[in-house]
Structure formats: structure tokens, C-alpha cells
Amino acid sequence: MSASSTGKLPTSISNDTISVNKIAWPVDREIPKLEWELPTGVRVISSDDHILEAPGMYEDYIAPKYKAVAPKVWKDETGTHLECEGRNLDSIGQKLLLTQGRPGMANPILRAKDYDAELVDAGFIFAQVSMALFTLEDKNLMIACYDAYNEWLANECARLPGRMYGVAVLPTIYAPENTAEYIQKIKNWGFKAMQIPSNPKDVWYNGSRWEPMWDAIEESGLPLSFHIGENPNYRGKGALGTFLTTGFQPFRRLWALLTFSGVLERHPAMNIIFTEGGISWVPAALYDADKTYLQFESEMRPQLAQPPSYYWHRQCFATFMDDPSGIKLIDDIGFEKVLWSVDYPHPESTLGESAALIKSFFEDLPSEQASAIVGGNAAKLWNI
């Protein structure tokens, strides 16, 4: 797939429909050279990319007492698989190679070549399969698994210093009282970013039990990311299209929960990033939340000192890949709260179109806003 000469994505409109040209799978996708250069001094930072876990990594990195029960990452002609506690933890109904097939996903040198061609200086790296380990029954084993994953990820990112920034997994959602201690480990590994799952089983982020976790996250100064699609299920007729169409905008509920429960209000220095959910959901969510609060203010528990939208603009961020509606609404969202990403190297990523998209941002937005969105905001948020 190649961009048009204007730097726009190749879309056409006819008979009131929008058609998008067929896009190759990542393994086959070419990256065209665009005859355009970034403005001087602009850094491009992808706020959401992925890495493919290596076969044998958990046996190599997990604490000795858990080696016999360590997760197994293994690879065959259908893709890379994960199993633990006698269960297969692959995404249900998915052809794994469609998502995992780009060689740069597992090879930093090849990733760097793709980054260079896409005008990307650096990327923040999320897991590919390991978030499924939050479903383990043995929570001590789960912690040991994420110890192993985080150490492995730190070492992998060190192979491409200054270009790969790992997003550590914070695994204390079932033991929130241990969060401060674990975040110190995350810092010792050298991470600047961390994540927790968006919708884990038997976890209520608005509950008082989780207040020590929020306290520790705020005190740490590390921004906290939530990411879509941690345990995708593509089983059944229409499941793939339904999941991908709805799954890219799941954060209205989570943002509302953190806001209306007072979590954000009580932790003003805690920065939250909603990752890969796009940005066009934000204006409607802010409007609806403010209106709801005014209509039901006397019944709200807790009472907030400010309207809900205040907390978005104070401490929340969202990432997007290609969201034309969101770009049109950038003033309502706040350009300082927007982070661009490639989502390297997933099928839904901008791989092969990144340079054209970046060019279009500078054509459609003031230079200050475009520069901030493609990298300036990320550099400031994560202090890189």
C-alpha cells in the first residue's frame, strides 16, 4: 500500500461511501520512500509498538524455584505460542502470523531499518502475548513471570538504546499493597513507562483496596498506560470485525470509572495514557461526563471538586494511529494530550503509511501542534 502524492492515505469517496485500498499484511508490506523531510528539530516517537516474545525466554529468566512451571513460549509454522498452567494462552480464533509476521518484531536491527524508513526515532514497546499471564491461577507464579518478562524486555531494549523504550508490566493488581516495592524494581531495570491491564478479572480499580496502588503509582512519577485488546477473542461469525471495530475504542468506561470514583482527583500528579484506543472518543466522553455530573450532581458519590473534563485535561493522554475524526476535533481534546503511534508491526498499524501520515499532520495542523503530537508530547511525558 502506498500513499498518494499529497501524503494522505489512499481513500476515495463515492456514492456516500468511503473506500480504503487493500492493505498488505505486515510481513509483505512495503515502506515507500516519501519525497518529504521532517521540519528541523522534530522528533518522531511512536507511543505504542510491540515486541514478540522469544522462545525459551521464561525458562531462561524466571526465578529457579519456578523453572519447572514456567510459561512456554514456542514457535511453529503457524506463529509464536504461549502456554502455562496446562492452558494454551493464544488469542482465540486468530491467525497468529498475520500479527506476528514482520521480522523486525523480534529483531532490533530489522526494527531499526523499519523505523528509519518510517521516520520514527524511537518507540515504546508493549508485550505481544504476555499480558495473558494475568489470567494465571497461581498469583505468585504470575508475579515471577512478570519479573522474568520485565528483565527480558529491559535487555532486549538495551540492544537498541535510545530507540526502544520498554513498557514494564506492573503485576501487583492482586496485591496492591506491594506496588511501591515493585515499582522500585521497575525503576532499577531502567524503565520509564509501565502498564496494568484495562479490565482484569476480580479487580475493581475504584475500590478502597486499590488505593495503595494508586498512591504508589503517583509517588513514583512514572506514567501509567492502559492498552486495548489484552485478551482478544475472535471466535464466531463476525467476531473479528466486531472485536476490531469496537475494541479500538474501549476507554470511555475506564476513564469514567477513574474520574467519577475520584481516583484521578485524589492523585493529581498521576499521568494516565489510554493506548491504541484512538482519540475521537474523547470529546463526546468529556461532554457526556460533564453533563451527567451536572444533572446528577447531588447523587454523585464522591462529590468532585471540578467537572470530569477537568481531570482529562489535567492528567490524561490518548494514543492514536490514524484517526481523521479525532484530528478534526483536536482543539476539544487538547493537542497536548495526544500521542501518535505506529502500533508496529500489527495489521492495523500505520506501517508503510507512517511518513505520509506525519506529513499530513503538518499540512492539516499548526506546526506546534503537529510537532507535539508526533513526538514532543511523548518526549515530555516520559522524559526522554
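Hey, can you tell me all the residues within the stretch 197-210 that are of a type outside the set (S, T, N, Q) and either within 21 Å of P250 (Cβ to Cβ) or crowded, with 16+ Cβ neighbours inside 10 Å (or both)? Those that are of a type outside the set (S, T, N, Q) and either within 21 Å of P250 (Cβ to Cβ) or crowded, with 16+ Cβ neighbours inside 10 Å (or both): P197, P200, K201, D202, V203, W204, Y205, G207, W210.
Listed by first and then second residue, the pairs with beta-carbon distance under 6 Å, at least 6 apart or on different chains, first residue in the stretch 120-135 and buried (at least 23 other Cβ atoms within 10 Å of the Cβ), second assigned to a helix (DSSP H, G or I), are S130/Y149; L133/M142; L133/C145.
Closer than 19 Å to M213 by Cα and part of a helix (DSSP H, G or I): which single residue out of L240, L258 fits that description?
On the way: L240 fails: closer than 19 Å to M213 by Cα.
Just one listed residue meets the conditions, L258.
Per the listing P283, P302, P308, P268, the residue uniquely closer than 21 Å to I373 by Cα, modelled with pLDDT of 95 or more and in contact with a helix residue (DSSP H, G or I) (Cβ under 9 Å, 6 or more places away or on another chain) is P283.
Given the criterion on the phi > 0 side of the Ramachandran plot and under 20 Å from the mean Cα position of the chain (by Cα), identify the matching residue among G238, G190, G166. Write out each step before concluding.
Details: G238 fails: under 20 Å from the mean Cα position of the chain (by Cα); G166 fails: on the phi > 0 side of the Ramachandran plot.
Criteria check complete, one pass: G190.
The set of residues in the stretch 84-119 that are surrounded by 15 or more Cβ atoms within 10 Å (Cβ to Cβ) and part of a strand (DSSP E or B) contains only C84. The strands (runs of 3 or more DSSP E) falling completely within the stretch 1-81 that include 2 or more residues that are under 25 Å from the mean Cα position of the chain (by Cα), at pLDDT 95 or above and within 20 Å of Y344 (Cα to Cα) map to 45-50. Note on the stretch 331-384: residues that are over 28 Å from R314 (Cβ atoms), among the hydroxyl-bearing types (S, T, Y) and within 18 Å of the chain's Cα centre (by Cα) amount to 4.
The values are calculated or read from the model by the stated rules, or taken from the named source; none is laboratory data. Predicted model only: the values in this text are computed from it and were never measured. Positions of Cβ are generated from backbone atoms using ideal geometry, with glycine treated the same way; all protein chains shown enter the neighbour counts.
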